[in-house]
1. Taking only C-alpha pairs under 8 Å that are 6+ residues apart, what is the relative contact order of region 50-156 in percent?
2. Could you list the GluC sites (Glu not before Pro) in region 94-157 that lie in coil according to DSSP, counting only those with at most 15 other Cβ atoms within 10 Å of their Cβ?
3. Based on Cα positions only, what radius of gyration and what Dmax would you give for region 86-132, in angstroms?
4. Give me P(r) over region 50-101, computed from all C-alpha to C-alpha distances, binned every 10 Å, as integer percentages.
5. Given LYS91/LYS145; LYS60/LYS145; LYS84/LYS108; LYS90/LYS123; LYS104/LYS145; LYS108/LYS143, which pairs have Cα atoms separated by over 23 Å?
6. Hey, what's the Cα Rg ratio for region 50-156 versus the globular rule of thumb, 2.2 N^0.38 Å?
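What follows draws every value from the coordinates through simple rules; no lab data is involved. In this text the structure is predicted, and so the values were computed from the model without any measurement. With ideal geometry, Cβ positions are generated from the backbone for all residues, glycine too; neighbour counts draw on all protein chains shown.
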Amino acid sequence: MKKKLILIFSFFLLIACHNTKNIEQSQPVKKEINKNELQDDKHSFIEEQENYFTQDDIEKLDSFFRNIVTSEIENNIPFVFDEKDLDNLKKELKKEDFDSFRLKHDKKEYNEFIFLDILDREKFEDDGEIYYSETNTMYKLTKNKNKVYVEFAGIAG
């Protein structure tokens, strides 16, 4: 009986030692990082940030679009827009059926793009009943340094 117990115990001990060797061999290899590589990564990260919207950028755009809606005077434009794109957005925000707009984005520090969602609401009457027809027009806004690019994203309604 003792021999069987010793044999079983030896077997488990042998398996445990074998598994320990496998674990030691599979440890990750540490790579030395060159100081120049870190500086290159930092430089590329700073360059990427210029092409992303920050929360401050989004607040400036929101204020700018609100200013277009509420007044004829355009205070400082926060970014460079293509003149045709800016004219089209102004037309959308000043239409008679314009209801509201919203900037849609992730709630994170840097956003690769944001959506300008414009809601139009047309009121009409049919046999004494008042109805509304709603249309959402979306534009995708992307940034490259200080220039904002506007791309039609879709319409629903």
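1. Details: 176 pairs, mean separation 29.6, N = 107.
Relative contact order comes out at 28 percent.
2. Values: sites: GLU96, GLU109, GLU112, GLU122, GLU125, GLU129, GLU134, GLU151; in loops: GLU96, GLU109, GLU112.
Hits after loop and neighbour filter: GLU96, GLU109, GLU112.
3. 15.5, 51
4. Spelled out bin by bin, region 50-101 gives 22, 55, 22, 2 percent.
5. Cα-Cα > 23 Å for LYS91/LYS145; LYS84/LYS108; rest within.
6. Working: Rg = 15.2 Å, N = 107, 2.2 N^0.38 = 13.0 Å.
In units of the globular-protein estimate, region 50-156 measures up at 1.17.
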